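Structure first, commentary second.
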Amino acid sequence: MKKLYVILAVCLAFISCDDKAVVVQDSAGRLNDILVVIGNNDWDGPLGDTIRKEFARPLDGIVREEPMFTLNHVKPAAFTGMLKKSRNYLIIKKSDSSGVSIKKDLYANPQLGIVVRGTDKVDIAKVISDNADDMIAVFNKGEVERKQYLMDKVALNTDRITDRFGIELIVPRAYHFATYNGEIDNDFFWLRRSIKEGTMDLMIYEVERNRIKRSDSTVLDIVKVRDSIGAIKILTDGGPFQTEPAFSPFLNESQIDGKFAYETKGTWEVKNMFMAGPFVNYAIYNKEKDNWLIIEGYVSAPASAQRNYLFEIESILKSVHFLETKKK
């Protein structure tokens, strides 16, 4: 996985200064929706297949396939009026040159548009395939920032987390601080949100640096840590809360607030019970404390689509900000 600073550099390289933003009103559209502006024949053909393959690829960590983005198609002539206010759009253009450019807040605010150009259908498909990961990163970053903005308007008071770990994060008031058998543990925070189909949960704690080593078995170290904590701290009606052993988690290197982090996505289960769901785990190396801050979120909603729930959790975890340590 590319480091965040590489992605940002690519994003800046994409930005086009050809157009001046003319913001007429607020943008519209659901989170993680992209309006694809392309001719009907191209959308129904191989070029459309390439777009769907890249931008509607399955999310990591979810057993039942769900697309990363929901794609809505409109032909170029119909890209007017309210459709032009869509928060995310992808325009496909045939041109004398090939490339990708970003249009920020061109027709509304906030808004992110990506224009893909190529000399013919084959060339455009190649441009999309070659730049898909970076374009997805651009859209995802914008959606996470939008979600964090909305959550911050209804944020929960998390001062106790700040006091213990020296971090700030954005958690909606729909969550509450949970306890294990009524006991408060200042070294482990468990937050829960009730949803119609089940619950969404967050965990925050620290472990010593030697618990997670950078090696071929890093993912096994992370699994051991989360299983040892989950078995003790997460209350269930059955066996221990653990990582589903039948599915190997996805592991990537990432950054949170500029600090190195391991991003792990996989499936949790309650042993010997029909309970399971997706989780996202970040092990963030805190150089000041020489340890790992573990922040994790998981969803228990087996009968429903889980992409948007997991996206909210990801947005919460990525909002973590480390406060400066005061020198004595």
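The values are calculated or read from the model by the stated rules, or taken from the named source; none is laboratory data. All figures in this text were calculated on a predicted structure; none of them were measured in a lab. FYI the Cβ positions are ideal-geometry reconstructions off the backbone, even for glycines, and counts take in every protein chain you see. Please note that ligands, DNA and RNA were not included when accessible areas were found on the heavy atoms of the full protein model with its side chains. Shrake-Rupley method; radii C 1.70, N 1.55, O 1.52, S 1.80 Å.
Scanning for something in contact with a Leu (Cβ under 8 Å, 6 or more places away or on another chain), of a type outside the set (D, E, K, R) and outside any strand (DSSP E or B), does the range 98-109 turn up at least one residue?
No, every residue in the range 98-109 fails to be in contact with a Leu (Cβ under 8 Å, 6 or more places away or on another chain), of a type outside the set (D, E, K, R) and outside any strand (DSSP E or B).
Give me the pairs, please: first residue somewhere in the range 270-290 and more than 17 Å from Ala231 (Cα to Cα), second residue anywhere and exposed (fewer than 15 other Cβ atoms within 10 Å of the Cβ), beta-carbon distance under 6 Å, and either six or more positions apart or on two chains.
Short answer, once both residue conditions are applied: Glu288/Thr325; Asp290/Arg209.
Being touching a Leu at 6+ places or on another chain (Cβ under 7 Å) and farther than 18 Å from Ile232 by Cα is the filter here; which residues of the range 264-303 pass it?
Of everything in the range 264-303, those that are touching a Leu at 6+ places or on another chain (Cβ under 7 Å) and farther than 18 Å from Ile232 by Cα turn out to be Thr264, Pro278, Val280, Tyr282, Ile284, Asn286, Val299.
Quick one: which residue in Asp105, Asp96, Asp42, Asp33 is of a type in the set (Asp, Glu), over 18 Å from Phe139 (Cβ atoms) and open to solvent by less than 40 Å² (accessible area, probe 1.4 Å)?
Asp42
Out of all the residues in the range 59-82, which are over 29 Å from Ser304 (Cα atoms) and of a type outside the set (Lys, Arg)?
Once the filter is applied, which keeps residues that are over 29 Å from Ser304 (Cα atoms) and of a type outside the set (Lys, Arg), the range 59-82 yields Pro76, Ala77, Ala78, Phe79, Thr80, Gly81, Met82.
So how many residues does the range 299-324 have that are in a helix (DSSP H, G or I) and more than 13 Å from Lys265 (Cβ to Cβ)? First the steps, then the outcome.
Of all residues in the range 299-324, those in a helix (DSSP H, G or I) come to 307-317.
Next, from what is left, pick out any that are more than 13 Å from Lys265 (Cβ to Cβ): 308-309, 312, 315-316.
Total satisfying the criteria: 5.
Do we find that Arg160 is among the charged types (D, E, K, R) and out of contact with any Pro (no Cβ under 8 Å at 6 or more places or on another chain) in this structure?
Judged against the criteria, Arg160 is a match.
Would you point out which residue out of Thr243, Thr162, Thr236, Thr179 is among the hydroxyl-bearing types (Ser, Thr, Tyr) and in contact (Cβ under 8 Å) with a residue 60 or more places away in the chain? I'd like the intermediate steps shown before the answer.
Numbers: Thr243 fails: in contact (Cβ under 8 Å) with a residue 60 or more places away in the chain; Thr236 fails: in contact (Cβ under 8 Å) with a residue 60 or more places away in the chain; Thr179 fails: in contact (Cβ under 8 Å) with a residue 60 or more places away in the chain.
So the residue among Thr243, Thr162, Thr236, Thr179 that is among the hydroxyl-bearing types (Ser, Thr, Tyr) and in contact (Cβ under 8 Å) with a residue 60 or more places away in the chain is Thr162.
Please count how many residues of the range 220-249 are of a type outside the set (Ser, Thr, Tyr), under 16 Å from Met203 (Cα atoms) and open to solvent by 20 Å² or more (accessible area, probe 1.4 Å).
10
With respect to the numbered conditions (1) in contact (Cβ under 8 Å) with a residue 40 or more places away in the chain; (2) out of contact with any Asp or Glu (no Cβ under 9 Å at 6 or more places or on another chain); (3) within 22 Å of Glu314 (Cα to Cα), which one is the sole condition not fulfilled by Asp221?
In the conditions (1) in contact (Cβ under 8 Å) with a residue 40 or more places away in the chain; (2) out of contact with any Asp or Glu (no Cβ under 9 Å at 6 or more places or on another chain); (3) within 22 Å of Glu314 (Cα to Cα), Asp221 misses (1) alone.
For the range 160-192, which residues satisfy the criterion of being closer than 17 Å to Lys233 by Cα and either open to solvent by 80 Å² or more (accessible area, probe 1.4 Å) or not hydrophobic (A, V, I, L, M, F, W, C) (or both)?
His176, Thr179, Tyr180, Asn181, Gly182, Glu183, Ile184, Asp185, Asn186, Asp187, Arg192
Could you list, in sequence order, all residues of the range 193-219 that are of a type in the set (Lys, Arg), closer than 19 Å to Phe279 by Cα and either surrounded by 14 or more Cβ atoms within 10 Å (Cβ to Cβ) or within 21 Å of the chain's Cα centre (by Cα) (or both)?
Within the range 193-219, just Arg193 meets the criteria.
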